[in-house]
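All remarks here apply to the structure that follows.
The values are calculated or read from the model by the stated rules, or taken from the named source; none is laboratory data. Here the structure is a predicted model, which means the values were calculated and not measured. Here Cβ is always computed from backbone atoms with ideal geometry, including for glycine, and neighbour counts include all displayed protein chains. Ligands, DNA and RNA are stripped out before the accessible areas are found, and what is left, the full protein with its side chains, is counted by its heavy atoms. Shrake-Rupley method; radii C 1.70, N 1.55, O 1.52, S 1.80 Å.
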Amino acid sequence: MDKYVYWHLPGFCLFKNLNQILINLMKSYPDCFNEGYRIGSVYGTFPGAIWNGGRTVLGFTPKGDIERILKLYNSNNVPVRFTWTSPLIEEKHLTDTYCNLIMRLADNGQNQVLVNTPILEEYLKTNYPNFKYISSTTKRITTQERLLEELEKDYFMVVLDYDMNHDEEVLKSLEPMAERVEILVDEICFPGCPKRTEHYKDESRKQLEYEVSAPFPCPNKKDIRCFDDCKKRPAFISNTEIKDYISRGFQNFKLVGRGLPQQMVEDSYIYYLVKEDKQEFIRERIHKAMDDIRKAMAQQMRR
């Protein structure tokens with residue numbers, strides 16, 4: 001394969017152990033993974049960061065833990081990508097101590113930021129020019145004209161709105177710049193969801209107010225999620241179809257997972273990244289490594 005294919009994975013904090021195991025397995029058993037596949041980034045947020053968008057993630061991460069998590073990925077040449085996509089950011093939020101601390105600690109030329117709001121984007125590019133900036137799917141760019149205009153800007157990449165995943169006219173127009181387009185292959189939301197933008201705003205409001213008690217009336221809400229749900233969505237791109245996208249020049253593919261069960265995320269990793277005849281072997285290795293981590297944590301707690 002002349003060019004690598006890059007996969008952008010969810011939950012650099014929430015799924016830290018799973019992601020670390022995957023990185024190690026791709027090193028130890030390269031022949032088990034599809035040829036030319038690489039981890040392009042791990043996206044998400046440190047809990048409690050008010051610039052975060054897409055999903056509410058409350059909590060707090062101490063400075064030492066932030067540094068250790070950044071090192072975990074960056075030492076393996078995996079960029080950490082921050083989801084600074086809240087549409088509710090105002091000027092008063094720009095000097096937030098915690099978010100700026102995170103940016104300073106990650107300011108090493110390796111890492112990336114997903115952006116949505118112009119006021120935050122301008123602030124970040126001015127104060128942290130060493131990051132690569134990516135136009136987020138949360139912008140809901142749903143026309144070919146607006147999409148092509150977005151690609152004319154100085155973004156490292158633009159994430160395609162999943163409603164256009166199979167729009168042949170749009171995909172054809174993107175081929176000359178396909179290496180700068182990221183495609184979300186397994187979105188679980190409804191196609192053309194009329195409440196998607198409103199839902200993003202609600203998640204961001206909860207992030208700003210540290211409040212999650214009022215659930216959003218999502219028409220797509222289910223008590224239990226599984227990877228098979230993704231496969232039933234019109235926007236889903238199968239393993240077989242991926243090959244066609246790659247042949248057309250697309251190199252960057254994103255997997256969902258923020259706010260979803262780890263089992264679902266594991267299933268997506270195995271489905272897309274692992275050769276079919278090696279999937280059970282890799283799954284067994286993942287489960288063994290997770291058990292080892294749990295045992296080590298239990299021993300530490302007993303000391």
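With respect to VAL256, determine if the residue is in contact (Cβ under 8 Å) with a residue 40 or more places away in the chain, surrounded by fewer than 16 Cβ atoms within 10 Å (Cβ to Cβ), under 30 Å from GLU90 (Cβ atoms) and hydrophobic (A, V, I, L, M, F, W, C).
When the stated conditions are applied, VAL256 does not pass them.
Can you run down the residue pairs with Cβ atoms below 8 Å, 6 or more apart or on separate chains, where the first is in segment 224-245 and closer than 22 Å to PRO261 by Cβ and among the hydroxyl-bearing types (Ser, Thr, Tyr) and the partner is open to solvent by 70 Å² or more (accessible area, probe 1.4 Å) and assigned to a helix (DSSP H, G or I)?
Listed pairs, sorted by first residue: SER238/LYS231.
Would you mind telling me which numbered condition in (1) open to solvent by less than 50 Å² (accessible area, probe 1.4 Å); (2) part of a loop (DSSP other than H, G, I, E, B) CYS230 fails?
(2)
Among the numbered conditions (1) out of contact with any Pro (no Cβ under 8 Å at 6 or more places or on another chain); (2) within 21 Å of SER247 (Cα to Cα); (3) open to solvent by 10 Å² or more (accessible area, probe 1.4 Å), tell me where VAL158 comes up short.
(3)
Take the residues in segment 233-247 that are β-branched (Val, Ile, Thr) and open to solvent by 40 Å² or more (accessible area, probe 1.4 Å); name whichever of them is farthest from the chain's Cα centre (by Cα).
Residue satisfying both the conditions and the ranking: THR240.
Taking only pairs six or more apart or across chains, which ones have beta-carbon atoms under 6 Å, a first residue in segment 193-204 that is closer than 23 Å to ARG233 by Cα, and a second residue that is among the hydrophobic types (A, V, I, L, M, F, W, C)?
HIS199/PHE216
For GLU121, which of the numbered conditions (1) assigned to a helix (DSSP H, G or I); (2) under 17 Å from ARG180 (Cα atoms); (3) not aromatic (Phe, Trp, Tyr) fails to hold?
Every listed condition holds for GLU121 apart from (2).
Where residues in segment 26-56 are more than 17 Å from THR97 (Cα to Cα) and part of a loop (DSSP other than H, G, I, E, B), which of them is most open to solvent (accessible area, probe 1.4 Å)?
It comes out as GLU35.
Output the residues belonging to segment 62-106 that are open to solvent by 30 Å² or more (accessible area, probe 1.4 Å), under 16 Å from PHE12 (Cβ atoms) and among the aliphatic types (A, V, I, L, M).
Within segment 62-106, LEU72, LEU105 qualify.
Quick check on segment 162-174. Is at least one of its residues within 20 Å of LYS243 (Cβ to Cβ), surrounded by 15 or more Cβ atoms within 10 Å (Cβ to Cβ), in contact with a Gly (Cβ under 9 Å, 6 or more places away or on another chain) and touching a residue at least 12 places away in the same chain (Cβ under 8 Å)?
Yes - at least one qualifying residue is present in segment 162-174.
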